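Engineer: Before I ask anything, let me first share the structure, which is written out below as structure tokens.
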Amino acid sequence: MTEKSLTDLFDERLAEVRQRIAEAAKASGRTEQDITLLAAVKTVEPERINHAISAGITYIGDNRVQELKAKESFLLPGVHKHMIGHLQTNKVKDCIGRVEMIESVGSLHLAEEISRQAVAHGTVMDILAEVNLANETTKTGFSLAELDKALEKTAELPGVRLRGLMAIPPAGLTDAENCRYFSQMYELFIDIKQKNRDNRVVDTLSMGMSDTYESAIRCGATLVRLGTVLFGSRNYNQ
Ligand SMILES: *Cc1c(COP(=O)(O)O)cnc(C)c1O
């Protein structure tokens, strides 16, 4: 018995994930092409990320801009980069020109700083509003109560373009609870799409991780962020 190489293992996992994405998309009247697969690459070394890119991964997301900065010169060109982790305002300027989208915008204060920095650099940053539907105190994100008003204010910021919503459900939910959570997110997303007055492109609903992505897609996710199911479990001690 030969040990499988990490790259073979990745290729197998990716094939299975793609298959599952296609099935879940079909269950929601869509196709695999309607779903963006983003590889969550925190703690993953550049060599493995590059293998993923050469295997067809076109979007990667990192949690810390410092980590992305350290890796980026080693990465194959052309891959779309998103920031998906909690972002401090003093790190915003490092994101400008480095990532195409900041998914984890959970406060108006952060949106304002992104807008300010983007304007200063003559650009506009795509963002998602992170929603904290379950009002978890350990998590950032807009509560349901503040979301509408915050999005109205965000729409007035010249340096950001709101492209949709992002969510991380509480850990340890049952399938049924996850499904309810994702469906609620989808309703919010549709609501925001319909209120979209000034030709903003609201097209992204980012939800679903390794253990929940099929459910998320069945409930309307347009983007899933996958780490473990592609790369195996993370080693935080390197
Ligand atoms: C790590 C991470 C993911 C991927 O999580 P897995 O369970 O490993 O798929 C997705 N989204 C965010 C915001 C993350 O931090």
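Readers should treat all values here as calculations from the given coordinates under stated rules, not as data from a laboratory. Keep in mind it's a predicted model, so treat the numbers as computed, not measured. In this analysis, Cβ positions are derived from the backbone assuming ideal geometry, glycine residues included, and neighbour counts consider all displayed protein chains.
Engineer: Filter region 17-49 down to the residues that are within 14 Å of the ligand (Cβ to nearest atom) and over 25 Å from Y236 (Cβ atoms), then identify the one that is surrounded by the fewest Cβ atoms within 10 Å (Cβ to Cβ).
Structural biologist: Among residues in region 17-49 that are within 14 Å of the ligand (Cβ to nearest atom) and over 25 Å from Y236 (Cβ atoms), the one surrounded by the fewest Cβ atoms within 10 Å (Cβ to Cβ) is R20.
Engineer: Within region 158-198, which residues are part of a strand (DSSP E or B), among the aliphatic types (A, V, I, L, M) and either touching a Phe, Trp or Tyr at 6+ places or on another chain (Cβ under 8 Å) or on the phi > 0 side of the Ramachandran plot (or both)?
Structural biologist: L165, A167, listed by residue number.
Engineer: Anything in region 183-210 that is touching a Ser or Thr at 6+ places or on another chain (Cβ under 8 Å) and either over 20 Å from Y59 (Cβ atoms) or exposed (fewer than 15 other Cβ atoms within 10 Å of the Cβ) (or both)? List them, or say none.
Structural biologist: Hit for region 183-210 is D203, nothing else.
Engineer: Take H86 and tell me if it is within 14 Å of the ligand (Cβ to nearest atom) and either without any contact (Cβ under 8 Å) to a residue 60 or more places away in the chain or not in a strand (DSSP E or B) (or both). Steps first, please.
Structural biologist: Working: within 14 Å of the ligand (Cβ to nearest atom): yes; either without any contact (Cβ under 8 Å) to a residue 60 or more places away in the chain or not in a strand (DSSP E or B) (or both): yes.
Answer is yes for this residue.
Engineer: So, one more: Return the residues of region 57-83 that are in contact with an Asp or Glu (Cβ under 6 Å, 6 or more places away or on another chain) and more than 15 Å from the ligand (Cβ to nearest atom); say none if nothing qualifies.
Structural biologist: Selection gives H80 alone.
Engineer: Okay, moving on. Could you grab me the full set of residues in region 144-178 that are touching a residue at least 24 places away in the same chain (Cβ under 8 Å), out of contact with any strand residue (DSSP E or B) (no Cβ under 7 Å at 6 or more places or on another chain) and closer than 19 Å to S115 by Cβ?
Structural biologist: K153, L157, P158
Engineer: Do the conditions hold for T140, that is, is it of a type in the set (V, I, T), more than 20 Å from the chain's Cα centre (by Cα) and either within 16 Å of the ligand (Cβ to nearest atom) or farther than 30 Å from E45 by Cα (or both)?
Structural biologist: Taking the combined requirement at face value, the residue does not satisfy it.
Residue-wise test of (1) surrounded by fewer than 22 Cβ atoms within 10 Å (Cβ to Cβ); (2) not polar (S, T, N, Q).
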{"site": "M125", "(1), (2)": "no, yes"}
{"site": "N132", "(1), (2)": "yes, no"}
{"site": "N135", "(1), (2)": "yes, no"}
{"site": "G141", "(1), (2)": "no, yes"}
{"site": "E156", "(1), (2)": "yes, yes"}
{"site": "V160", "(1), (2)": "no, yes"}
{"site": "P170", "(1), (2)": "yes, yes"}
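Engineer: Among A52, A150, A111, A145, which is the only one that is small (G, A, S), closer than 25 Å to L14 by Cβ and outside any loop (DSSP other than H, G, I, E, B)?
Structural biologist: Details: A150 fails: closer than 25 Å to L14 by Cβ; A111 fails: closer than 25 Å to L14 by Cβ; A145 fails: closer than 25 Å to L14 by Cβ.
After ruling out the rest, the residue left standing is A52.
Engineer: Of everything in region 89-100, what is in a helix (DSSP H, G or I), surrounded by 15 or more Cβ atoms within 10 Å (Cβ to Cβ) and more than 16 Å from the ligand (Cβ to nearest atom)? Give them in sequence order.
Structural biologist: Correct list: V92, K93, D94.
Engineer: Please count how many residues of region 179-238 are within 16 Å of the ligand (Cβ to nearest atom), in contact (Cβ under 8 Å) with a residue 60 or more places away in the chain, of a type in the set (D, E, K, R) and closer than 17 Å to E23 by Cβ.
Structural biologist: Selection size over region 179-238: 1.
Engineer: Where the second residue is outside any strand (DSSP E or B) and polar (S, T, N, Q) and the first is within 26 Å of I168 (Cβ to Cβ) and in contact (Cβ under 8 Å) with a residue 24 or more places away in the chain and lies in region 105-126, which pairs have Cβ atoms under 6 Å and are six or more apart or on separate chains?
Structural biologist: These pairs meet every condition: G106/T140; A111/T154; E113/T89.
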